[in-house]
Amino acid sequence: PKGSASYRFPLDRGVFDEIKLRAAVGQTGNQPLFGQKFTPLTATGNIEGLPGVTVQGTVGNPDIQPERTTEIEGGFDAALFDGRASFEATYYRQNITDLILQRKTAPSTGFDTEFFNGGELRNQGIELTIAATPWRSPSFSWSTRTSFYKNWAEITNLPVPAFEFGVFGSDLGTYKIEEGESPLQIVGNNGIGADGLPIIEKLGDATPDFTMSFLNEVTYKRFSLYSLFEWRQGFEVINLQDLIWDLGQVSPDFVPPQGLGSPRLIPNCDPDCSGEERLNGLGTYTQQLIQDASFLKLREVSVSYDLPDDFIASVWGNLRSARLTLSARNLFTVTPYHGLDPEVSNFGNKAINRSVDVAAFPPSRSFWLSIDVGL
């Protein structure tokens, strides 16, 4: 089910032209995958030298239910200055129930794991957008749009003990699913405890503090310039590319600075430890691998030119318009991150375990020269 409603207040006075209040509520689901509901079979098994069908280690759960998301949303839109500006504000809240989790089974069952429903996740956030046309004339115009987005996520209920989610463990940094915490928290080792075991603590989070975008378009006679910047602030990445360089002793900062003692302990040199010092602390201190990945990127920029009507007619009388455009993407990135791309995702498009950098292919800059014609 879903539903929405809005109410408009025409004002026509002062700076406000109109205000619209809006609200919506809806529910959706995420169906279990085949291997979660049914027991998968492997048709390439070997039984006493003969091909046969074998059962995998995960047992299907015929009673498993879809994950269910219920969302409420509310906000308002305001039109200002005779349509030359607008402001939008939205608050949303998602409650996700019947999370599909995986747990170990008793050895007597003959299986290793099974999937089941349990746990709840809450997402909430705000979205703010302001758009304006500060200048508009027959020969020159400027339009701008700025957006702000912030999201909070929390595991509100977890019927199993907290567990790590990742392939490398706390020695190199991993994610931990824990009640009362963000599902994207990054944990790692921070010294050795009195029991001789590593002290595992939260060292970062892959959720940005906020994300902003800045869109501008300027038109002068037949020319137009378009640009889109994105600013993402306050999130961390597990940078194992630095570790690979350290292991090969090819890091630019592998040799410790002279006169500071060699090598220093991680707590004494963090965050400016050398490669040799990072290797000496490997397995005991992980924070050198958990790096700030805040960035400002020029997502896209383009310059366009509308060809004159008389030139178009001389080329082909059936043409109504023609435009030349030179555009580019990912021209530059400003970031404190040591790796090649702060938006790295070593394991693909996953909800969790995305911000891991293991020798990822560097991002590419793209350029296009195009012509658009109208008949």
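Taking the stated definitions as given, is D205 charged (D, E, K, R), open to solvent by less than 60 Å² (accessible area, probe 1.4 Å) and within 17 Å of the chain's Cα centre (by Cα)?
Values: charged (D, E, K, R): yes; open to solvent by less than 60 Å² (accessible area, probe 1.4 Å): yes; within 17 Å of the chain's Cα centre (by Cα): yes.
Criteria met by D205.
Examine segment 32-40 for a residue that is among the aliphatic types (A, V, I, L, M), in contact with a Ser or Thr (Cβ under 9 Å, 6 or more places away or on another chain) and surrounded by fewer than 13 Cβ atoms within 10 Å (Cβ to Cβ), and state whether such a residue exists.
Initially, segment 32-40 is screened for residues among the aliphatic types (A, V, I, L, M), giving 33.
Keeping just the survivors that are in contact with a Ser or Thr (Cβ under 9 Å, 6 or more places away or on another chain) gives none.
Checked against the condition, which is being among the aliphatic types (A, V, I, L, M), in contact with a Ser or Thr (Cβ under 9 Å, 6 or more places away or on another chain) and surrounded by fewer than 13 Cβ atoms within 10 Å (Cβ to Cβ), segment 32-40 yields no hits at all.
Residues of segment 62-79 being closer than 24 Å to L21 by Cβ and touching an Asp or Glu at 6+ places or on another chain (Cβ under 8 Å), which ones?
Passing the criteria: G75, F76, D77, A78, A79.
Mind listing whichever residues of segment 277-300 are assigned to a strand (DSSP E or B) and under 21 Å from P267 (Cα atoms)?
First, pick out the residues of segment 277-300 that are assigned to a strand (DSSP E or B): 285, 290-292, 295-300.
Selection gives Y285, I290, Q291, D292.
Any residue in segment 292-309 that is within 30 Å of Q185 (Cβ to Cβ), out of contact with any helix residue (DSSP H, G or I) (no Cβ under 9 Å at 6 or more places or on another chain) and among the small types (G, A, S)?
Quick first cut of segment 292-309, residues within 30 Å of Q185 (Cβ to Cβ) only: 292-297, 299.
If we keep only those that are out of contact with any helix residue (DSSP H, G or I) (no Cβ under 9 Å at 6 or more places or on another chain) too, we end up with 292-297, 299.
With among the small types (G, A, S) added as a condition, the list becomes 293-294.
Among the residues of segment 292-309, at least one is within 30 Å of Q185 (Cβ to Cβ), out of contact with any helix residue (DSSP H, G or I) (no Cβ under 9 Å at 6 or more places or on another chain) and among the small types (G, A, S), which makes the answer yes.
Hey, among the residues in segment 213-271 that are in a loop (DSSP other than H, G, I, E, B) and in contact (Cβ under 8 Å) with a residue 60 or more places away in the chain, which one's surrounded by the most Cβ atoms within 10 Å (Cβ to Cβ)?
Within segment 213-271, the first condition is being in a loop (DSSP other than H, G, I, E, B), and the residues that meet it are 221-222, 234-235, 248-265, 270-271.
Now drop any that are not in contact (Cβ under 8 Å) with a residue 60 or more places away in the chain, which leaves 221-222, 234-235.
On the way: K221: 10, R222: 13, G234: 15, F235: 21.
Selected residue: F235.
Got a number for residues in segment 155-177 being open to solvent by 60 Å² or more (accessible area, probe 1.4 Å) and either in a loop (DSSP other than H, G, I, E, B) or more than 21 Å from Q102 (Cβ to Cβ) (or both)?
Result for segment 155-177: 5.
Is there a residue being more than 30 Å from A359 (Cβ to Cβ), open to solvent by less than 20 Å² (accessible area, probe 1.4 Å) and assigned to a helix (DSSP H, G or I) anywhere in segment 301-315?
Yes: segment 301-315 contains one or more residues that are more than 30 Å from A359 (Cβ to Cβ), open to solvent by less than 20 Å² (accessible area, probe 1.4 Å) and assigned to a helix (DSSP H, G or I).
Do you know which residues across segment 196-207 are without any contact (Cβ under 8 Å) to a residue 40 or more places away in the chain and out of contact with any Leu (no Cβ under 7 Å at 6 or more places or on another chain)? Don't jump to the end; show me each part of the working.
Looking only at segment 196-207, we keep the residues that are without any contact (Cβ under 8 Å) to a residue 40 or more places away in the chain, and these are 196-197, 199-202, 205.
Once the filter is applied, which keeps residues that are without any contact (Cβ under 8 Å) to a residue 40 or more places away in the chain and out of contact with any Leu (no Cβ under 7 Å at 6 or more places or on another chain), segment 196-207 yields G196, L197, I199, I200, E201, K202.
Yes or no: segment 15-29 includes at least one residue that is open to solvent by 70 Å² or more (accessible area, probe 1.4 Å), outside any strand (DSSP E or B) and out of contact with any Ser or Thr (no Cβ under 7 Å at 6 or more places or on another chain).
No: zero hits.
When you check G125 against the structure, is it in contact with a helix residue (DSSP H, G or I) (Cβ under 7 Å, 6 or more places away or on another chain), small (G, A, S) and at pLDDT 90 or above, yes or no? Before the answer, list the steps.
Working: in contact with a helix residue (DSSP H, G or I) (Cβ under 7 Å, 6 or more places away or on another chain): no; small (G, A, S): yes; at pLDDT 90 or above: yes.
Considered against the rule, which asks whether it is in contact with a helix residue (DSSP H, G or I) (Cβ under 7 Å, 6 or more places away or on another chain), small (G, A, S) and at pLDDT 90 or above, G125 comes out as no.
Can you report the number of residues in segment 334-375 which are open to solvent by 60 Å² or more (accessible area, probe 1.4 Å) and outside any loop (DSSP other than H, G, I, E, B)?
7
The values are calculated or read from the model by the stated rules, or taken from the named source; none is laboratory data. These numbers come from a predicted model, not from an experiment. We place every Cβ from the backbone using ideal geometry, glycine too, and count neighbours over all the protein chains shown. All accessible areas refer to the heavy atoms of the entire protein, side chains included, with ligands and DNA or RNA removed. Shrake-Rupley method; radii C 1.70, N 1.55, O 1.52, S 1.80 Å.
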